[in-house]
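Encoded as structure tokens, the structure appears first; notes follow it.
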Ligand code: HEC
Ligand code: HEC
């Protein structure tokens, strides 16, 4: 090891250390009776959003992504993860307004705050909930064979596992996966 390598490793370790401490407070789990409102994210309330953006997949609660992510998604609906999800202008504007108003960075809900905090070291704007560091951390222990089950298919299918996802609630005690049952870690 030459001196440059040593300096580099030390710097890298310090950085990981800072990051580790930073993430600790965000990701600490407590399953004791804190009220659901403060634990979850705000449930979907806009009927137009639910109808238009809930036809191919679960209508993701807006508090799961920052406003800038929603705006980028809404601006690219003609090529939406390989699908065309275009809307007429009026509906597009109304939905954008709803998503922005209830986005994670505008929300006081605990999960939304955790999502925003976990993004503070990210350089790119996430276009998926499933690529957010907080999300990846929470799901890192789920084996591929469970994700690949025919009734799940991908981590984007929140409601295949979180039975109360529609209510904005993602508590571990509410997880139930078809073919597996309850989640016990
Ligand atoms: C025509 C079908 C279709 C419609 C309509 C649609 N989507 Fe999607 N959406 C997809 C597909 C396909 C994916 C990728 C899913 C995957 O990778 O499993 C996706 C993924 C997403 C993701 C990322 C999920 C993740 O992996 O974290 C978001 C956010 C999203 N859509 C938002 C929206 C919004 C907002 C609307 C309404 C304006 C919408 N979608 C309407 C097909 C659609
Ligand atoms: C394959 C099933 C599955 C899918 C799909 C899934 N999750 Fe999870 N999720 C889990 C499991 C299992 C845990 C608990 C992980 C652990 O404790 O090891 C979890 C944990 C969480 C937590 C933390 C809960 C807590 O009390 O600490 C949140 C928030 C969450 N998921 C949100 C989502 C969202 C949003 C989606 C969709 C974008 C999603 N999940 C998709 C299985 C899933």
Name the single residue, out of those in segment 131-148 being within 14 Å of ligand 1 (Cβ to nearest atom) and surrounded by 15 or more Cβ atoms within 10 Å (Cβ to Cβ), that is nearest to residue 76 (Cα to Cα).
132
Under 22 Å from residue 44 (Cα atoms), part of a loop (DSSP other than H, G, I, E, B) and at pLDDT 95 or above: is that true of residue 156 in this structure?
yes
Of the numbered conditions (1) within 16 Å of ligand 1 (Cβ to nearest atom); (2) in contact (Cβ under 8 Å) with a residue 24 or more places away in the chain, residue 121 satisfies every one except a single condition; which is it?
(1)
Identify the residue in segment 55-79 that is in contact (Cβ under 8 Å) with a residue 40 or more places away in the chain and surrounded by fewer than 16 Cβ atoms within 10 Å (Cβ to Cβ) and, among all such residues, is nearest to residue 110 (Cα to Cα).
68
(1) farther than 24 Å from residue 44 by Cβ; (2) within 16 Å of ligand 1 (Cβ to nearest atom); (3) modelled with pLDDT under 95 all hold for residue 180 apart from (2)
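The values are calculated or read from the model by the stated rules, or taken from the named source; none is laboratory data. As the structure is a computational prediction, the values presented were derived from the model and not from experiment. Because the Cβ atoms are built from the backbone with ideal geometry, glycine has one as well, and the counts that use them run over all protein chains shown.
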